[in-house]
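This report concerns only the one structure given below.
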2 protein chains.
Amino acid sequence: MIQPKRRELLITPKDLIPSQVDLQVDCVFNAGVCTLGEEIILLLRVAESPKKQAGKRGVVMMAEGRSIVKWLDEADPLYDLSDPRGVKDAGTGKTLYLTSLSHLRIARSRDGIHFQIDTHPELFPTGEMESWGIEDPRIAKVEDTYWVSYTAVSPAGSVPAVMTTKDFKIFERKGLILPPENKDVCFFPNKIKNQCVCLHRPVPKGIGTPDIWCAFSPDGVYWGEHHRLFGVREGWQNMKRFGAGAPPFEAEAGWIEIFHAADDSNRYVLGIAVLDRKDPRKILKIVEEPILQPEAEFEKQGFYGNVVFTCGLVERADEIWIYYGCADTSTAVAVFDREELKKLWS
Amino acid sequence: MIQPKRRELLITPKDLIPSQVDLQVDCVFNAGVCTLGEEIILLLRVAESPKKQAGKRGVVMMAEGRSIVKWLDEADPLYDLSDPRGVKDAGTGKTLYLTSLSHLRIARSRDGIHFQIDTHPELFPTGEMESWGIEDPRIAKVEDTYWVSYTAVSPAGSVPAVMTTKDFKIFERKGLILPPENKDVCFFPNKIKNQCVCLHRPVPKGIGTPDIWCAFSPDGVYWGEHHRLFGVREGWQNMKRFGAGAPPFEAEAGWIEIFHAADDSNRYVLGIAVLDRKDPRKILKIVEEPILQPEAEFEKQGFYGNVVFTCGLVERADEIWIYYGCADTSTAVAVFDREELKKLWS
């Protein structure tokens, strides 16, 4: 079985200062990753929830530029509280509230292990379509610009949005690039045949399964030529959901995509797919075995256990450093020997 | 209550010749509509199913350029046959097959009532993403080109696709413009601020409801700037699904959109929304009452009863002719006095 050379827990919720006094940091995970000059940047997803009160369930949302807390009676039969991530209408099953609100915060490091974490949110949810938070950023450098793709969450659904930056100080919002329900958008670094390319993961309600698709764009803002890549039908047995993980990186064999797959019990693992360098609609290989599975205690236990979920990696000399969220709680890194992985993808 | 001046049944399945000897025409409905020279063109959705066999359920799909029929044993406990439109896995609820396959066929008329219907399909499903059919076309003329937006259906989902034509003889396929699950794409006639604009209707599985959204495009092929317009939250009580109907037409008051709404029992009605002429993201009005509801026998009884569903209309002097599918079976027209409707939308 494939294993990383090492896996190391790097950042946990107690390392962060909440953005408001009435909130606590529950989770710091699913970080976008890139290099900027000599530094490795993590754009951390920070999920905050109301500080606990006995017998009450706190929920949180954005309104008028700040996080608003609302308290629900846990005994109220109208609410289904079985999922720690949200409150559902007990009758219709519709999500009424989320229990946490996510913003994005920057952490910087020179060695990739020790991170200096900002005390303030760099990117806060803005506007009606982000009223339930911004989540799971991916970062890809296309020419001289970093494209940050993330999920805008609101009662209208989970919607992919993008912003651009050159310095991680000034960000330009480019709007919603795809309709709901869709997540896990990764841009390819650089254009292919003069087009931006992305992976995305729609979740159809009726016909279809949560699979990985790709799309093309002249400019990163307007997207078309949607094409289903792979997922439930082609994927590993018992896996019911697939999604892109890190933005693909280029190797001789093709574009290497580290994706995630989840089974019915929401256990998430990471795998490798290889796409054609000139035409990423062509799947050259899906490696048969996962490369990372929840095994360590910090991956198995947490806010939502048995999850390893990546939004980014860095290539460092002869190693691949995959940053990943563990148990929807913390941020870790799995370091792979590049030659070992190459045996799989070649 | 609002009523059309008259409603008239125009085309029924018996008016059509099947495309293959082993198929029967079940439904001719949900036609795209436009004018071409002196003629009114209907681009009919024609749904065909295998001729009945006792104890068997016939299903049909595209393969290698033709319709392939497969027979399922109605007694097989693996199948859920409760919905006449498809066969589901009795365990997972997943749609396994559709019972009919739709193509698009042209009908022409000078008076808008008497149509000459082609004996051959004009547009047949093509490729993997259309293997379960092409459905519900809308036609909008943008500059000198007709844009036909339709739903490509396959095991991968319901996906909006477009093709263009100038003469309804030569069609150019432009690919899938949005990911699944999405239907009811209508282009606006002509550009607004040099952009193509469309309405679309995503169906999120988790958070969100089946609402009407709009999007923008420089060229009709690549789309972005998605914006939720209205739907379940703003809409009429008890209505659980909304979707654009006919492509919007321009009036002094704004863009007039005839949309559909459906309740929990899948009863479909038509309504009017008014969008700002310069910025169609602004909703000026949603008329409180439906303008068309299933009342006639041919609207209440059929393959799927209690449905009125429009994909297009024509403006004729002082009248608005709304062509619509009735009971998912036939094609009718509802003729409205323009001044009467204007009272509603002004």
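With respect to the conditions (1) open to solvent by 80 Å² or more (accessible area, probe 1.4 Å); (2) within 14 Å of another protein chain (Cβ to nearest Cβ); (3) under 25 Å from B:His120 (Cα atoms), B:Met61 lacks only one, and its number is (1).
Annotation: of all residues in the range A:222-263 being of a type in the set (Gly, Ala, Ser) and within 12 Å of chain B (Cβ to nearest Cβ), the one that is farthest from A:Arg201 (Cα to Cα) is A:Gly224.
Using the structure shown, decide if A:Trp223 is surrounded by 20 or more Cβ atoms within 10 Å (Cβ to Cβ), of a type in the set (Phe, Trp, Tyr), touching a strand residue (DSSP E or B) at 6+ places or on another chain (Cβ under 9 Å) and free of Cβ contacts under 8 Å to residues at least 40 places away in the same chain. Criteria not met by A:Trp223.
Residues in the range B:176-211 that are more than 20 Å from B:Lys141 (Cβ to Cβ) and over 18 Å from the mean Cα position of the chain (by Cα): B:Pro204, B:Lys205, B:Gly206, B:Ile207, B:Gly208, B:Thr209. Restricting the range A:154-174 to residues that are surrounded by 18 or more Cβ atoms within 10 Å (Cβ to Cβ) and β-branched (Val, Ile, Thr) leaves a set whose member that is farthest from B:Glu181 (Cα to Cα) is A:Thr165. Restricting B:Ser67, B:Ser82 to residues that are of a type outside the set (A, V, I, L, M, F, W, C) and either assigned to a strand (DSSP E or B) or open to solvent by less than 40 Å² (accessible area, probe 1.4 Å) (or both) narrows the list to B:Ser67. Restricting the range B:90-125 to residues that are polar (S, T, N, Q) and surrounded by 15 or more Cβ atoms within 10 Å (Cβ to Cβ) leaves a set whose member that is farthest from B:Asp26 (Cα to Cα) is B:Ser109. Filter the range A:175-208 for residues that are at the interface with chain B (Cβ under 8 Å from one of its Cβ atoms) and among the β-branched types (Val, Ile, Thr); which is most open to solvent (accessible area, probe 1.4 Å)? The extreme case among them is A:Ile207. Inside the range B:164-218, residues that are in contact with a Cys (Cβ under 7 Å, 6 or more places away or on another chain) and at pLDDT below 95 make up a count of 0.
Considering the range B:164-174, the residues that are within 15 Å of B:Ser149 (Cα to Cα) and free of Cβ contacts under 8 Å to residues at least 24 places away in the same chain include one that is farthest from the other protein chains (Cβ to nearest Cβ), namely B:Lys166.
Considering the conditions (1) under 19 Å from the mean Cα position of the chain (by Cα); (2) within 14 Å of chain A (Cβ to nearest Cβ); (3) charged (D, E, K, R); (4) surrounded by fewer than 19 Cβ atoms within 10 Å (Cβ to Cβ), B:Lys141 is excluded by exactly one of them, (2).
The values are calculated or read from the model by the stated rules, or taken from the named source; none is laboratory data. What you are looking at is a predicted structure, and each value in this text was computed from that prediction instead of being measured. Note: ideal-geometry Cβ built from the backbone for every residue, glycine included; neighbour counts use all protein chains shown. Quick note on the areas: whole protein, heavy atoms, side chains included, nothing else; ligands and nucleic acids left out. Shrake-Rupley method; radii C 1.70, N 1.55, O 1.52, S 1.80 Å.
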